[in-house]
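Readers should treat all values here as calculations from the given coordinates under stated rules, not as data from a laboratory. Source: prediction; values computed, not measured. Cβ placement follows ideal geometry from the backbone for every residue including glycine, while neighbour counts extend to all protein chains displayed.
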Amino acid sequence: MLHTEFIPAAVNGSRRIFVVLHGLGDSMDGWRWLPGALDLPWLNYLLVNAPDAYYGGWSWFDYPGDLAPGIHRSRRLLVELLDDLQTKNFPADQITLGGFSQGCVMSIETSLHYPQRLAGVVGLSGWVFELDQLIRELTPAARSQRLLITHGRLDPILPFAVAQRQVRRLISAGLNVAWHEFPKEHTIYGAEEVTVIRDFVRAGYPNAAA
């Protein structure tokens with residue numbers, strides 16, 4: 001079971017929720033700023049720690065090395081988490097799943113294998129695991145899934161050209177991908193990128209107040 005922290009919406013009774021996955025060596029503590037930055041009072045948040053300890057933080061899978069076992073294990077854990085949220089009256093179509101770097105990998109991997117369509121998927125500065133196989137296995141729910149993918153043209157860790165090429169493949173496969181590039185390294189590009197995230201998340205809840 002994954003360690004999580006629930007941050008309630010300012011609006012009582014909201015069933016809309018953003019599940020946030022951190023990157024390699026980080027933790028949920030690194031994303032406590034997000035609710036205040038997005039300023040969406042009707043949105044709950046679930047901050048999630050990855051399962052493996054990593055130099056004072058946490059990791060979703062071994063990197064570098066054999067990525068597959070950790071990714072498949074973490075996907076199973078995240079599917080269990082999404083299923084559990086639904087038992088707690090957070091329907092799949094009211095859940096946004098998103099993350100940074102390794103958290104981006106796991107958000108895309110989990111959402112595009114999940115049997116139900118989510119409100120949206122936010123992938124920041126990451127990549128797609130086993131892209132060819134993923135495309136072959138796309139379900140109708142996956143093909144209808146909304147995705148936001150962003151990347152930095154100056155990223156020294158995950159090359160921009162790789163991310164751009166993968167996104168083009170996803171779009172060619174018919175997926176609904178909003179792609180944004182920024183003049184950034186392996187980070188968040190301040191208020192400009194936060195605005196892109198906010199607008200994408202808000203669009204996934206058309207009946208929510210602004």
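Computed FRET efficiency, Cβ-Cβ of T139 and Y55, R0 41 Å: what is it to the nearest 0.05?
My answer for the efficiency is 0.65.
Using a 7 Å offset from the Cα along the Cα-to-Cβ direction at both I171 and A191, what is the distance between the two label points in nm, to one decimal?
Between I171 and A191, the simple spin-label model gives 2.8 nm.
For the chain, which longest stretch is free of loop sites, where a loop site is one of the GluC sites (Glu not before Pro) that DSSP puts outside H, G, I, E and B and that has at most 14 other Cβ atoms within 10 Å?
Between exposed loop sites, the widest span is 1-129.
Taking a quarter of the surface of the Cα convex hull of the chain, what do you get in nm²?
10.8 nm²
Restricting to DSSP loop positions (anything but H, G, I, E, B) with no more than 14 other Cβ atoms inside 10 Å of their own Cβ, which trypsin sites (Lys or Arg not before Pro) remain in region 43-151?
Taking region 43-151 and a limit of 14 other Cβ atoms within 10 Å, the loop trypsin sites (Lys or Arg not before Pro) found are K88.
Name the longest site-free stretch of the chain, where the excluded sites are chymotrypsin sites (Phe, Trp or Tyr not before Pro) in a DSSP loop with no more than 16 other beta-carbon atoms within 10 Å.
With a cap of 16 other Cβ atoms within 10 Å, the longest stretch comes to 56-210.
Distance in nm between label sites at R15 and L2, each 7 Å beyond Cα in the beta-carbon direction?
For R15 paired with L2, the spin-label model returns 2.1 nm.
Can you list residues from other chains, or at least 5 along the same chain, whose modelled amide H is less than 5 Å from the amide H of L148?
Long-range HN contacts for L148: V121, V122, G123, A178.
For region 85-208, build the convex hull from the C-alpha positions and give me its volume per residue in Å³.
101 Å³
Rounded to whole Hz and in sequence order, give me ³J(HN,Hα) for region 110-126 from the Karplus expression 6.51 cos²θ - 1.76 cosθ + 1.60, θ = phi - 60°, writing x for Gly and Pro.
Ordered by residue, 3J(HN,Hα) equals 6, 5, 7, 10, 6, x, 10, 7, 8, 5, x, 10, 10, x, 10, 6, x Hz.
Would you please state which residues of region 138-162 a label at L131 would reach in this model, taking the label point 7 Å out along Cα→Cβ and a backbone N cut-off of under 20 Å?
Within reach of a label on L131, which here means backbone N under 20 Å from a point 7 Å along Cα→Cβ, region 138-162 contributes 138-139, 142-162.
Put +1 on the Cβ of each Lys and Arg and -1 on the Cβ of each Asp and Glu in the chain; which of N176, P156, Y54 then has its Cα farthest toward the positive end of the dipole?
So the residue we want is N176.
Rounded to the nearest 0.05, what FRET efficiency do Q116 and D62 give with R0 = 35 Å and r taken as the Cβ-Cβ distance? Could you check?
My answer for the efficiency is 0.75.
Let me know the charge dipole size of the chain about its Cα centre in debye, to the nearest 20, where only the beta-carbon of Lys, Arg (+1) and Asp, Glu (-1) is charged.
Rounded to the nearest 20 debye, it is 620 debye.
Quick check on the exposure proxy: order M28, M106, M1 from fewest to most C-beta atoms within 10 angstrom.
In increasing order of surrounding Cβ atoms, one gets M1, M28, M106.
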